[in-house]
Amino acid sequence: MNILIIGLGSIGQRHLRNIKKTYPTVNFFALKRVKKSPALNSQNKIINRDLIAYYKIKIINNLKVVLTKKIKIDMVFICGPSSHHCDQIILFAKMGIYTFVEKPICINKKQLKRLKFFFKKHNIKRNVMVGFQNKFNPIIKYLKNEIKKRYKDIIRVNFFNGESIIKFHEYENYKVSYAAKKKLGGGAILTQKIHELDKMQFLFEGAKFNRLVSYSNKVSNLKVDTEDLSISLYNIRKKNFKFLSKIDVNIFQQPKKNYIEIIFKNETLKADLLSNVVYIYNNKTTKKKKFNFKRNDVFVSEIKYAINCAKKGQIFQKKYSIQNSFLSHTLAIDLIERYYYEKKKN
């Protein structure tokens, strides 16, 4: 199997390591890099290794060799700057190549509109998967099952994700990272909130999400030209039942926190996604449910699913497809457009 990886930064290298360990006979190709990241280990620490030689990666100078089919590529992993994702998705989707793309799939309303139009016009089957790894997280699956059993008892849901951008990639100066730059698709909304929006969509599948109020701004002293905080309140409605959901994210907080609270009538579940523990609170007791898995296990499950679909020639399930991700991206782009509109007005 021939796999092309576009972008060998931290996430590209994570996929590279996981694929090599899980599918040792895969042949790797990579696009010639403009910005070269150092070789990293599983903790994102710099190691003394020739990345290209170690993984026997064949470098291609441009995508013409793929377009002209001089090299047969079975699957593509798009892990480069977010601003390029839209064009690359359309390119490989036209060719019918199985594609795995990291979030976000686009960085503005124009790109999102273009992607929606393209996939609707060409009626392309589900051969593009978006890297929302939390759908493979055992805790998220557990919460989804609990929600399904007692949906009518939900009163309120809270999502929180805060982490300092300085800690995202400690091997590089955060000021030059994609997460710090508007033109590359950075900011709290597209780096953090898009994950929470996708979790909300996944957990409450089939519901309608109406934004009631939101606030996004640059409030820290970080050297970024994007928003660093975003808080939103949504009304979630499914059939005749509705409740509120708050999503609160930032890219300046230390230490980092990432949790989900689901408040039922007689019980509250709080899932700590960093310690892999779900706390179950009621009027009488507090219980802890520990999940034994490592963070990287979620990424391994994700790439196993994606590659096995490609090997068998199967379409991706709807919940993993780019078509499904249009909703979470629409909600995210709505917030971004609103933030820059208010910023310009003021």
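The values are calculated or read from the model by the stated rules, or taken from the named source; none is laboratory data. A quick note: this is a predicted structure, and the numbers were derived from the prediction, not measured. Quick reminder, even Gly has a Cβ in these numbers, built from the backbone with ideal geometry, and neighbours come from all protein chains shown.
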Selected residue (criterion: farthest from Lys167 (Cα to Cα)) from residues of the stretch 1-36 that are touching a strand residue (DSSP E or B) at 6+ places or on another chain (Cβ under 9 Å) and of a type in the set (Val, Ile, Thr):
Val26
The lone exception for Ile315 - which of (1) of a type in the set (A, V, I, L, M, F, W, C); (2) assigned by TED's automatic domain parsing to the domain that holds Asp198; (3) not in a helix (DSSP H, G or I) it fails
(2)
Note on the stretch 230-265: residues without any contact (Cβ under 8 Å) to a residue 60 or more places away in the chain and touching a helix residue (DSSP H, G or I) at 6+ places or on another chain (Cβ under 6 Å) are none
Those residues of the stretch 292-317 that are under 16 Å from the mean Cα position of the chain (by Cα) and not aromatic (Phe, Trp, Tyr) come to a total of 9
If I ask for residues that are at pLDDT 95 or above and part of a loop (DSSP other than H, G, I, E, B), which ones from the stretch 283-312 would you list?
Phe291, Asn292, Phe293, Lys294
Top-ranked residue of the stretch 265-277 - restricted to ones that are within 22 Å of the chain's Cα centre (by Cα) and not hydroxyl-bearing (Ser, Thr, Tyr), ranked as surrounded by the fewest Cβ atoms within 10 Å (Cβ to Cβ)
Leu274
Failed condition for Ile59, given (1) more than 22 Å from the chain's Cα centre (by Cα); (2) under 18 Å from His169 (Cβ atoms), with all others met?
(2)
Output the residues belonging to the stretch 141-171 that are within 15 Å of Glu267 (Cα to Cα) and touching a strand residue (DSSP E or B) at 6+ places or on another chain (Cβ under 9 Å).
Leu143, Glu146, Ile147, Arg150, Tyr151, Lys152, Asp153, Ile154, Ile155, Arg156, Val157, Asn158
Only one of Lys223, Lys167 is modelled with pLDDT under 95 and either more than 22 Å from the chain's Cα centre (by Cα) or within 23 Å of Ser37 (Cβ to Cβ) (or both); which?
Lys167
When you check Gly12 against the structure, is it within 22 Å of Phe299 (Cα to Cα) and assigned to a helix (DSSP H, G or I), yes or no?
yes
Filtering the stretch 266-302 for residues that are touching a Ser or Thr at 6+ places or on another chain (Cβ under 6 Å) and free of Cβ contacts under 8 Å to residues at least 12 places away in the same chain leaves a count of 0
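Of the residues Lys199, Lys183, only one is under 30 Å from Asn282 (Cβ atoms) and charged (D, E, K, R); which? Spell out how you get there, then give the answer.
Numbers: Lys183 fails: under 30 Å from Asn282 (Cβ atoms).
On inspection, the qualifying residue turns out to be Lys199.
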Filter result for Leu40 (over 24 Å from Cys309 (Cα atoms) and in contact with a Ser or Thr (Cβ under 8 Å, 6 or more places away or on another chain)):
yes
Top-ranked residue of the stretch 51-95 - restricted to ones that are surrounded by fewer than 12 Cβ atoms within 10 Å (Cβ to Cβ) and aliphatic (A, V, I, L, M), ranked as nearest to Ile6 (Cα to Cα)
Ile59
